[in-house]
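The values are calculated or read from the model by the stated rules, or taken from the named source; none is laboratory data. Bear in mind the structure is a predicted one, so any value in this text is a computation, not a measurement. Because the Cβ atoms are built from the backbone with ideal geometry, glycine has one as well, and the counts that use them run over all protein chains shown. For the accessible areas, the whole protein counts, side chains as well, though only heavy atoms, and no ligand, DNA or RNA atoms are used. Shrake-Rupley method; radii C 1.70, N 1.55, O 1.52, S 1.80 Å.
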Amino acid sequence: MSITVKGVAKKAGVATSTVSRVINDHPSISEETKKKVRKVMNELGYTPNLAARNLGKQTASAIGVVLPPLDTKERIGNPFHLETIQIINEEANRHGMSVAVVSSKNFETSLANVERMHRQKQVDGFILTYSDKNDPIIHYLEENQIPFTLIGQPYNQEEKVVYVDNDNQLLGK
């Protein structure tokens with residue numbers, strides 16, 4: 001039987017709304033009450049239901065990471081993408097978020113996965129680990145005003161796209 005907010009509240013002798021506020025670290029709850037409720041949560045092994053929590057907040061608390069399709073030259077044998085996923089995952093965990101990876105053989109399948117993840121509200125935005133001139137995914141994200149960050153310099157609309165890039169010439173000096 002799973003432990004619920006009601007069970008925690010009953011054992012801690014507080015209202016369910018107090019438990020919810022403790023979970024969200026609300027400033028209206030005293031540190032003493034927070035400690036008491038957190039202790040009961042630990043004793044009972046309670047873990048908040050992120051799906052329910054995110055539904056109330058209307059957020060997914062997840063980031064979609066889109067890898068270049070397998071049929072592109074950029075992807076073949078490039079360890080950069082694994083390292084990038086590892087770093088993104090570590091940072092997401094630090095912020096209580098999760099990472100969903102989009103990987104496929106071609107742009108069409110990747111686009112279908114991105115569209116599904118967006119429609120189902122599985123992620124709050126995307127990080128694209130590549131930059132491609134005729135990328136249908138970037139077009140879809142821009143057209144639907146879905147937040148995304150590009151790793152690499154964009155081929156167009158540089159002033160509109162949020163991106164992270166480095167200067168390989170400067171790094172080589």
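Worth a mention:
- At an R0 of 25 angstrom, the distance between the Cβ atoms of Lys133 and Glu91 translates into a FRET efficiency of 0.30.
- Ranked order, Leu141, Leu82 - accessible area, probe 1.4 Å, largest first: Leu82, Leu141
- In order along segment 5-14, the Karplus-derived 3J(HN,Hα) couplings, from 6.51 cos²θ - 1.76 cosθ + 1.60 at θ = phi - 60°, round to 4, 4, x, 5, 4, 4, 5, 7, x, 10 Hz, and Gly and Pro are given as x.
- Sum of side-chain charges, Glu32 neighbourhood, beta-carbon under 15 Å (Lys, Arg +1; Asp, Glu -1): +4
- Model label zone, Arg119; criterion: amide N under 19 Å from point 7 Å along Cα-to-beta-carbon; scope segment 132-150: 136-147
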